Amino acid sequence: MSIPQIVIDTDVIVAGLRSRNGSAFRLLSLVGSAQFGIHLSVPLVLEYEDVLLRELPNLNIDATDIQDFISFHCAVATHHQIFFLWRPYLRDFKDDMVLELAVKAGCDTVVTYNTRDFTGIERFGVSTATPAAFLKSIGALP
């Protein structure tokens, strides 16, 4: 059985770094394990960095920790270059970037708290799940 392949939306990253409680933190703590694979593109990494640095006053980490976090994710992720664009497809153009990566990577799921923002991505063979729903699907939450 193959392991699930996912793209983690920025809202999940922020939530997981704001609090050590909850499914977003649990998901982030499993990145790099054999339970699922993550996929990244340069635009998504740049968005992670931009948003996390803006959110720094609301996080319990410093700028060095953010760089270490991003470096770790880059080290364990599968990297993709995107040479096609369907924009605009979703309401938020930054969500289009996530969808394009998920399709290019052949991912099963976009893990996000904003599942409504990704309405219609099923036509590309990709589903959405909240962190809790995804963790339950892989047996990492009861």
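Every number here is computed from the coordinates shown, using simple stated rules; none is lab data. Note that the structure is a prediction, hence the values are computed from the model and not measured. Here Cβ is always computed from backbone atoms with ideal geometry, including for glycine, and neighbour counts include all displayed protein chains.
Here the extension length gained between Leu46 and Ile61 equals 3.6 nm, from 0.36 nm per residue of separation less the Cα-Cα distance.
Relative to its residue count, the chain spans a Cα convex hull of 106 Å³ per residue.
Work out, step by step, the length gained on full extension between Tyr89 and Ser2: first 0.36 nm times the residue separation, then minus their alpha carbon distance; give nm to one decimal. Let's see the in-between values first.
On the way: separation 87, 0.36 × 87 = 31.32 nm, distance 2.92 nm.
Extra length available between Tyr89 and Ser2 comes to 28.4 nm.
The eigenvalues of the Cα gyration tensor, multiplied by 5 and square-rooted, give segment 72-142 an equivalent ellipsoid with semi-axes of 21, 17, 10 Å from largest to smallest. The sum of -39500 (n - 2.57) across all DSSP H runs of n ≥ 4, divided by the residue count of the chain, sets its helix-only mean residue ellipticity at 222 nm to -13500 deg cm²/dmol.
Residues with beta-carbon under 13 Å from that of Pro142, excluding Pro142: net charge, scoring Lys, Arg +1 and Asp, Glu -1?
With Lys, Arg at +1 and Asp, Glu at -1, the net is +2.
Sequence-distant contacts, meaning Cα pairs under 8 Å at least 6 residues apart, place the relative contact order of segment 1-110 at 36 percent.
Counting Lys and Arg as +1 and Asp and Glu as -1, each charge on the Cβ, what is the dipole of the chain about the Cα centre in debye, to the nearest 20? Intermediate values should be presented prior to the final figure.
Details: 11 positive and 16 negative charges, 80 e Å.
So the dipole magnitude of the chain works out to roughly 380 debye.
Summing Cβ point charges (Lys, Arg +1; Asp, Glu -1) relative to the Cα centre of segment 86-142 gives a dipole of roughly 40 debye.
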